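J.: Dumping the structure here so I can ask a few things about it.
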Amino acid sequence: MNVAALPHTLFILLTELAVGALIIIALLDLRGLVPRGFVATSAASIWAIAALAWWIGRTLPDAGDVDGYPLDGSALQLMDRGGFIVLAFALLYTLFTLLNARKLALGSAVIGGTAGIGLLLVTAQFVSPPIWGYAGSALSLFAGAFAVGGVGVAMVLGHWYLVTPRLHSRPLDLVTIGLLGVLVLQGVLLAVNLIMPVREVPAFDSALGLAQNPVLWLRILTLGFPIVLVWMAWRSSRDHAMQAATGLLYLAMGAVLGGELLGRGLLFMSGRAL
């Protein structure tokens, strides 16, 4: 793994988690599918994650590369502004939800989610120079955001059922089936990014080729394993077996977060958005 790129890797992972979770919570809230307490708790957690991501982003060096991996440094200022807007409106979303000011809360969520989309697009530009195309970078980040955000929301929602057993299973059904689709999409994007030639091979010195690198095979495993787990969690949710669904989602969350971390680590080694 490229140790010098660890701050960049962590920034991307936390940004994906905050933005993906914020958008998913906002969509559930707009449809009135989840209780106010769940929304407030989730929004507060998202704010804390977004704040940490923004702080890490501000520490990233203003350089044209990281240990041989070329970067588009012109995107750093926009990333900083976008990250601050996301965390500010996530905080407002939390406060307005607690105050039961629904219109202001939903407005804050929409603005924060829109800023989050912009932040992902700018971050994709930041890491895109070696990747086969900007589309490959952007699609990978969006899929990653909805994967880590979706599994995080699903796991917390599963816990909510344990204390509110009368809550309808539809929210968890929707989140898990959507997450399943995103994980399958990630598998497709991984295959595409393995096939497409990179525009520039990073100068990072690795003794192993990509195909011989065990990290790649772990990344593939951490896509296939959670697909099975999330499918089982979806079936459990439909049967209203929420304790079983939550346990499965615990395992899925570890696999998805670990896999996304491996994928971003491989990005800075190979120039492929895996």
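J.: Can you tell me how region 215-274 classifies by the Cα gyration tensor, rounded, prolate or oblate, using a/c under 1.5 as the rounded cut?
T.: Working: a/c = 3.96, a/b = 3.23, b/c = 1.23.
Judged from the Cα gyration tensor, region 215-274 comes out prolate (a/c at least 1.5, a/b above b/c).
J.: Could you calculate, for region 3-270, the ratio of the Cα radius of gyration to the Kirkwood radius, expressed as Rg to Rh? Mind showing how you got there, number by number?
T.: Values: Rg = 18.5 Å, Rh = 18.8 Å.
Ratio of gyration radius to Kirkwood radius for region 3-270: 0.98.
J.: P(r) for region 151-274: what percent of alpha-carbon pairs falls in each 5 Å bin, starting at zero?
T.: With 5 Å bins starting at 0, P(r) equals 2, 11, 21, 19, 13, 10, 9, 7, 4, 2, 1, 0.
J.: May I ask for the distance between the Cα centers of region 207-256 and region 62-96, given as a whole number of Å?
T.: With region 207-256 and region 62-96 each reduced to a Cα centre, they are spaced 29 Å.
J.: Hey, with R₀ at 25 Å, roughly what FRET efficiency would VAL184 and ASP67 work out to, going by the Cβ-Cβ distance, to 0.05? Working shown, then result.
T.: Values: r = 33 Å, r/R0 = 1.31.
Computed FRET efficiency for VAL184 and ASP67 comes out at 0.15.
J.: Of SER237, SER140, SER74, which has the largest mean-square fluctuation in a 10 Å C-alpha GNM of the chain?
T.: Per the Cα network of the chain with a 10 Å cutoff, SER74 tops the list.
J.: Any chance you could run the full-extension gain for THR114 through ARG170? It's 0.36 nm times the residue separation minus the Cα-Cα distance, nm to one decimal.
T.: On the way: separation 56, 0.36 × 56 = 20.16 nm, distance 2.54 nm.
Contour length minus Cα-Cα distance gives 17.6 nm.
J.: Take each of the peptides 40-47, 215-222, average the number of other beta-carbon atoms within 10 Å over its residues, and list them starting from the highest. Please list the in-between numbers first.
T.: On the way: 40-47: 23.0, 215-222: 17.8.
Top of the packing list down: 40-47, 215-222.
J.: Let me ask something else about it. Tell me the mean residue ellipticity at 222 nm calculated for the chain from its helices only (DSSP H runs of n ≥ 4, each -39500 (n - 2.57), averaged over every residue, nearest 500). Mind showing how you got there, number by number?
T.: Values: 8 runs with 208 residues, N = 274.
Computed mean residue ellipticity for the chain: -27000 deg cm²/dmol.
J.: Rounded if a/c is under 1.5, else prolate if a/b beats b/c, else oblate: with a ≥ b ≥ c from the C-alpha gyration tensor eigenvalues square-rooted, which is region 57-215?
T.: On the way: a/c = 2.74, a/b = 1.51, b/c = 1.82.
Oblate, because a/c is 1.5 or more while a/b does not exceed b/c.
J.: Let me know the Rg and Dmax you get for region 4-132 when you use only its Cα atoms, in Å.
T.: Cα-based Rg and Dmax for region 4-132 come out at 15.5, 50 Å.
J.: Report relative contact order for the chain in percent, whole number only (criteria: Cα-Cα under 8 Å, sequence separation at least 6). Walk me through the numbers on the way to the answer.
T.: Values: 441 pairs, mean separation 67.2, N = 274.
Worked out over the chain, it gives 25 percent.
J.: Another one. What's the magnitude of the charge dipole for region 3-270 around its Cα centre, counting Lys and Arg as +1 and Asp and Glu as -1 at the beta-carbon? Answer in Debye, nearest 20.
T.: Details: 13 positive and 12 negative charges, 209 e Å.
Taking the Cα centre of region 3-270 as origin, the dipole is about 1000 debye.
J.: Pick from LEU99, LEU257, LEU78: which residue has the top mean-square fluctuation in a GNM of the chain where Cα pairs under 10 Å get a spring?
T.: In the Gaussian network model the winner is LEU99.
No lab work stands behind these numbers, since they all come straight from the coordinates. This is a predicted model, so every value here is computed, not measured. Ideal geometry is used to build each Cβ from the backbone, glycine not excepted, and the neighbour counts take in all protein chains shown.
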